[in-house]
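Everything below concerns the one structure shown next.
The values are calculated or read from the model by the stated rules, or taken from the named source; none is laboratory data. Here the structure is a predicted model, which means the values were calculated and not measured. Every residue, glycine as well, gets a Cβ built from its backbone with ideal geometry; the counts of neighbours run over all protein chains shown.
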Amino acid sequence: MQNVKWLLCPTCKGKTRDRIREDTVLINFPLYCPKCKQEHLIEVENLKVTVIKEPDTKVQSR
């Protein structure tokens, strides 16, 4: 049986609704936490979760 882990929220460390296996690869995955109601962009490879920092958007002036 393969190793299965719950994806944890990077902010509150609570369980999300998603699980990953050893062979799971996610790129630019929007992870939503129902506990703290935040969404994070993550990457997963070999059960290692990396949070992607999004650059701040700038308002264009007309």
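Please go through segment 18-42 and pick out each residue that is part of a loop (DSSP other than H, G, I, E, B) and either among the aromatic types (Phe, Trp, Tyr) or closer than 16 Å to ILE52 by Cβ (or both).
First, the residues of segment 18-42 that are part of a loop (DSSP other than H, G, I, E, B): 22-24, 33-38.
Listed by number, the residues that qualify are CYS33, GLN38.
For segment 2-13, indicate whether the set of residues that are out of contact with any Lys or Arg (no Cβ under 6 Å at 6 or more places or on another chain), modelled with pLDDT under 90 and surrounded by fewer than 12 Cβ atoms within 10 Å (Cβ to Cβ) is non-empty.
Taking every residue of segment 2-13 in turn, at least one turns out to be out of contact with any Lys or Arg (no Cβ under 6 Å at 6 or more places or on another chain), modelled with pLDDT under 90 and surrounded by fewer than 12 Cβ atoms within 10 Å (Cβ to Cβ).
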